[in-house]
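One structure, as structure tokens, below. Some questions next.
The values are calculated or read from the model by the stated rules, or taken from the named source; none is laboratory data. Just so you know, these numbers come straight off a predicted model, no measurement behind them. Please note: Cβ atoms are built from the backbone with ideal geometry, for glycine as well, and neighbour counts cover all protein chains shown.
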Amino acid sequence: MNNKALEEKIKHPVHSIVFEKGFVCPVDILLRLGYLSLNDYESWTDYRKHGKGAKIKLHFSKSGDKNIEEFYATHFVDIKKDK
């Protein structure tokens, strides 16, 4: 899928989520498109490893790239909706 096709695919869900919540974050889009299940999301919200051993911080990306991690942790707020 190229960037234009991806943009078209997420345009409506992004606008719908912003209308409903006043903001959107990447996880909202993944949930809406069905790429992430609610069950998986709920077990993932702590972003730390569970179970035995050290509770290391989990990553959103395979690479752990700081910019990618920051992007996925960012929420976009519609400031017009708050007024």
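Name the pairs: first residue in the stretch 14-30 and free of Cβ contacts under 8 Å to residues at least 24 places away in the same chain and of a type in the set (Lys, Arg), second residue buried (at least 16 other Cβ atoms within 10 Å of the Cβ) and assigned to a helix (DSSP H, G or I), Cβ to Cβ under 9 Å, at least 6 apart or on different chains?
These pairs meet every condition: Lys21/Asp28.
Yes/no per residue for (1) modelled with pLDDT of 85 or more; (2) not in a loop (DSSP other than H, G, I, E, B):
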| position | (1), (2) |
| --- | --- |
| Leu6 | yes, yes |
| Lys11 | yes, yes |
| Phe19 | yes, yes |
| Ile29 | yes, yes |
| Asp40 | no, yes |
| Thr45 | no, no |
| Gly53 | no, no |
| Lys62 | no, no |
